[in-house]
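Some notes on the structure that comes next.
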Amino acid sequence: MSRRTRRAAAAAPGPSRPTVSVCRGCCCGTPKIPGVDHAGQLAQLHASLDDCATVRAVECLDACEHGNVIVVQPSAEGRRAGGRPVWLGLVNDPAALADITAWARDGGPGLADPPSILELYVFTPSRRIREGLEGGGKG
């Protein structure tokens, strides 16, 4: 990406609220990860964040070894403040989901620090995978 392209992207308005992308493809959201109410997890995020964040189910994010994967993307304001998408893996228990919800409600990346326990869930996917989601995702 050229400097001009980066500057234009940084100046672009972007979403007014954080986006929580929930992988529901190949492995995430399927019986391959037993003991998780996948539909309930997504419904809880929608219900808890309806007024402050966009929640979307996306196709396979190609990070299956980390399933269930959730990516919290900053709002435009959060991005201007330095926030970048945060990839969280192995989000398979209600406590982690509650921490993600609280963080998104507080503003998400760039505007609020995540609960420290979420550091255990953070991972860095390959650049190809990151660009796929940030460029609109597969879903």
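The values are calculated or read from the model by the stated rules, or taken from the named source; none is laboratory data. It should be emphasised that the depicted structure is a prediction, and the values quoted were computed from it without experimental measurement. Here Cβ is always computed from backbone atoms with ideal geometry, including for glycine, and neighbour counts include all displayed protein chains.
Scanning segment 28-64 for residues that are farther than 22 Å from ARG79 by Cα, in a loop (DSSP other than H, G, I, E, B), modelled with pLDDT of 85 or more and in contact with a helix residue (DSSP H, G or I) (Cβ under 8 Å, 6 or more places away or on another chain) returns CYS28, ASP62, ALA63. Of the residues screened, VAL71 is not one that is of a type in the set (A, V, I, L, M, F, W, C) and more than 23 Å from SER16 (Cβ to Cβ). On the stretch given as segment 65-123, residues that are outside any helix (DSSP H, G or I), surrounded by 19 or more Cβ atoms within 10 Å (Cβ to Cβ) and charged (D, E, K, R) total 0.
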